[in-house]
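A short write-up of the structure that comes next.
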2 protein chains.
Amino acid sequence: MALEHAILVSLLEQPGSGYELARRFERSIGRFWTATHQQIYRVLRRMEADGWIIAEEVDQGGRPDKRSYSVVGTGREVLAAWLRDPVQPEAVRHELAVKIRGAAFTDDAGRTALVAEVERYRATHEATLARYLTGEVRDFPAAAPLDDQHRLQHVVLRGGIAYERMVLAWLDDVLDTLRGLGR
Amino acid sequence: MALEHAILVSLLEQPGSGYELARRFERSIGRFWTATHQQIYRVLRRMEADGWIIAEEVDQGGRPDKRSYSVVGTGREVLAAWLRDPVQPEAVRHELAVKIRGAAFTDDAGRTALVAEVERYRATHEATLARYLTGEVRDFPAAAPLDDQHRLQHVVLRGGIAYERMVLAWLDDVLDTLRGLGR
DNA sequence: GCCAGCATGTAAGGAGTTACATGATTGA
DNA sequence: TCAATCATGTAACTCCTTACATGCTGGC
């Protein structure tokens, strides 16, 4: 379990409210850890109760008040201890791979539909890669020297880019294979 | 949710018991869908109750009896319908990426420990890649012509191989970055 | 005699998903 | 005025993980 830890890292990078965290999980952090606002609010309350983070009520004039959270000493210690733990093997869930092997047990119409679906899926990954590359030139310009925090963010983003490139190449392989079946 | 579907595909490829399925999930299917035997037994009972699969009691002499499951008409229809559904975006959970960004908020000792942990993690992926490559030459010899089922299994395995190669290259990048911090 | 493997389960608890709910402001 | 965005939640349910449980056989 590491939603707590993902939240600690995000709040250390930049304090913020549950709502802001939810938006970060949709964008940057969502690349490697997904969470909905419901989960986030629940975990934030627990973390506050356990003294890992503290909240500050922020009056925003017109907009609703927000509770901005920051990490305190205990939270830092929890994170440091977790960083020293062994990395758990990831639980892989790749639905498309199941479908591809399932294609052996369907008819021509089903395969044609799957090809169309793989193409649609490929387009979403192409869009993701384009978003990452745009973000990379915006946030990590080659000329500017980076501090540790940004160098680490950059290497994680490079992982996302490498992943998307690998997926796209593999999906081309998949499409070739699907189209070449039954010959 | 697609554990049912992963089981349907596996049982279509080869009928078997809950125990045998659990072993396949540890090996081949586990590359893209993980499940424990507890989950598998529970889902198998539900699938049998819903008439997707049928069980046959097999007396094995010395060893305990087993219930060998096969997919029947309803199960095939469920699978065909599911293959036509859009692929859900994967829920990503990459603990190591969280830790890498977390390394910005720990001390030298913590970073040294993380480097060691990444090296250990890298070794497990190297072993996984070696296993995949061994399996590939064993199961998909270049000379033999393959039927559709095996061509699809092969393209999924190639995806696993591409993934492991990508991960290894990225982990080298991560190690370089971690070692270059604070300079 | 002991361990690994075969074979199937129960139970408890934590995590995650989906649906629903509220109420304000800002911009088109 | 209508939709989008900001901001925070509850409730019900499903799913997944972890721990525990049983009992047999074959090989070292």
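A few notes on this one:
- Number of positions in region B:49-100 that are assigned to a helix (DSSP H, G or I), touching a residue at least 24 places away in the same chain (Cβ under 8 Å) and surrounded by fewer than 16 Cβ atoms within 10 Å (Cβ to Cβ): 2
- Flag for A:LEU83 being modelled with pLDDT of 90 or more and touching a Lys or Arg at 6+ places or on another chain (Cβ under 8 Å): yes
- Residues that are in a helix (DSSP H, G or I) and within 11 Å of DNA strand C (Cβ to nearest atom) were ranked within region A:31-48; the one that is nearest to the other protein chains (Cβ to nearest Cβ) is A:GLN39.
- Within region A:154-183, tally of residues that are closer than 17 Å to A:ALA103 by Cα, among the small types (Gly, Ala, Ser) and at the interface with chain B (Cβ under 7 Å from one of its Cβ atoms): 1
- A single member of A:SER28, A:SER70 is at pLDDT below 90 and more than 16 Å from DNA strand C (Cβ to nearest atom), and it is A:SER28.
- Test: residue in region B:126-146 that is modelled with pLDDT under 95, outside any loop (DSSP other than H, G, I, E, B) and within 10 Å of chain A (Cβ to nearest Cβ): yes
- Of all residue pairs spaced 6 or more apart or on separate chains, those with beta-carbon atoms under 6 Å, a first member in region B:36-47 that is closer than 9 Å to B:GLU4 by Cβ and a second member that is more than 9 Å from DNA strand D (Cβ to nearest atom) are B:MET47/B:ILE53.
- Conditions (1) more than 23 Å from the chain's Cα centre (by Cα); (2) more than 16 Å from DNA strand C (Cβ to nearest atom): number failed by A:ASP59: (2)
- Condition met for B:ALA80 (farther than 26 Å from B:ARG131 by Cα, more than 16 Å from DNA strand C (Cβ to nearest atom) and within 23 Å of the chain's Cα centre (by Cα)): yes
- Screening A:THR106 on (1) polar (S, T, N, Q); (2) away from chain B (no Cβ under 12 Å); (3) over 20 Å from B:ARG93 (Cα atoms) shows it passes everything except condition (2).
- Criterion: part of a helix (DSSP H, G or I), touching a residue at least 60 places away in the same chain (Cβ under 8 Å) and closer than 30 Å to A:ILE7 by Cα - qualifying residue of B:ALA113, B:ALA103: B:ALA103
- You will find that of B:TYR19, B:TYR69, the residue that is within 12 Å of DNA strand D (Cβ to nearest atom) and either away from every other protein chain (no Cβ under 13 Å) or closer than 20 Å to A:ALA103 by Cβ (or both) is B:TYR19 and no other.
- When B:ALA91, B:ALA49, B:ALA55 are screened for being of a type in the set (A, V, I, L, M, F, W, C) and away from DNA strand D (no atom under 16 Å from the Cβ), only B:ALA55 passes.
The values are calculated or read from the model by the stated rules, or taken from the named source; none is laboratory data. This is a predicted model, so every value here is computed, not measured. Cβ sites come from the backbone with ideal geometry, for glycine too, and all protein chains shown count toward neighbours.
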